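The values are calculated or read from the model by the stated rules, or taken from the named source; none is laboratory data. Please read these numbers as outputs of a predicted model, since none were measured by experiment. Every residue, glycine among them, receives a Cβ derived from its backbone with ideal geometry; neighbour counts consider all protein chains shown. Remember, those area values only see protein heavy atoms, side chains included, never the ligands or the DNA or RNA. Shrake-Rupley method; radii C 1.70, N 1.55, O 1.52, S 1.80 Å.
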Amino acid sequence: MIVEVPVRGYFDENCYFYIDDETKHGFLIDPGAEPKKLLKLISDKGWNIEKILLTHGHFDHTGAVNEIRSVLGIPVIAHINSDQYLLDDYMNLSAQCGPSIIIEGVQYASDGDILALEANLDFKLKVIYTPGHTTDSITLYSETDHVAFVGDTIFKGSIGNYKYPGGNLRDLQDSIIDKIFTLPDETMLLSGHSDKTTVGIEKQRYRL
């Protein structure tokens, strides 16, 4: 089960719950704001969230992490390059937009790692390193459910912003063409700031 929850902070952002229907255990992906709203939903649904997963370290994807982690006592997983953003409020953009947001003590993932639920090892996401929007951007891919959580790498009809600190247009284009567009065409792309789309649809927009 995938539940998209729009949250509103300095920017509107889509965070996602990826829940195993059988065990009601799951992952929380990119909780950018409104921690009380997200915690209430977890409680109301009776979900057991095992891990918070971050597609990248910008503050609009991490703003609710510290409160939710404190309440639930769960780990936070981010790319091995993430401290460049999570520990620096200039790089993660929070210094420019409001209160400083620093996320300490995360666990690291690298390209190709598999993140599986403890309650069901068959319920898993593959980490695909997709830099360009940031140097720590990852895509979280489920081959079973034909879905990829892409953060801000690609949107419906557009690509991510590469002009923030650490961004790079060539890296972003390579990530989209060589990583995301090599996934099956039916793969649903779920981003931080747009409606859902698919690999096939976006490849047509790029005329590939």
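The HN-Hα couplings worked out from phi for segment 110-116 by the Karplus form 6.51 cos²θ - 1.76 cosθ + 1.60 (θ = phi - 60°) are 10, 3, x, 5, 10, 9, 10 Hz, whole numbers, x standing for Gly and Pro. Extension gain for E104-S43 works out to 19.4 nm (0.36 nm per residue, less the C-alpha to C-alpha distance). Cα-Cα pairs above 19 Å in segment 1-75: how many percent? The share of Cα pairs beyond 19 Å in segment 1-75 comes to 23 percent. Accessible area of the chain with a 1.4 Å probe: how many percent of it is carbon plus sulfur? C and S fraction of accessible area: 49 percent. Taking every DSSP beta bridge that has both ends in the chain, the antiparallel portion is near 65%. When a/c reaches 1.5 or more, the comparison of a/b and b/c decides; with that in mind, is segment 116-158 rounded, prolate or oblate per its Cα gyration tensor? Here segment 116-158 falls in the oblate category. Each residue, E186 and K24, gets one label point 7 Å from its Cα in the Cβ direction; the gap between the two is 3.0 nm. Considering all alpha-carbon pairs of segment 1-128, what whole percent are spaced by more than 18 angstrom? Value for segment 1-128: 50 percent of Cα pairs lie more than 18 Å apart. Spatial offset of segment 1-53 relative to segment 141-165 amounts to 18 Å, using the alpha carbon center of each.
Were the residues from K36 through Q204 laid out at 0.36 nm apart, the gain over their Cα-Cα distance would be 56.5 nm. Looking at the chain, the accessible area is 45 square angstrom per residue; that uses a 1.4 Å probe and ignores ligands, DNA and RNA. For segment 37-194, count all C-alpha to C-alpha pairs, find those more than 27 Å apart, and express that count as a whole percent of the total. Value for segment 37-194: 21 percent of Cα pairs lie more than 27 Å apart. Considering only G166, G192, G132, the mean-square fluctuation computed in a Gaussian network model of the chain, springs between alpha carbons under 10 angstrom, is largest for G166.
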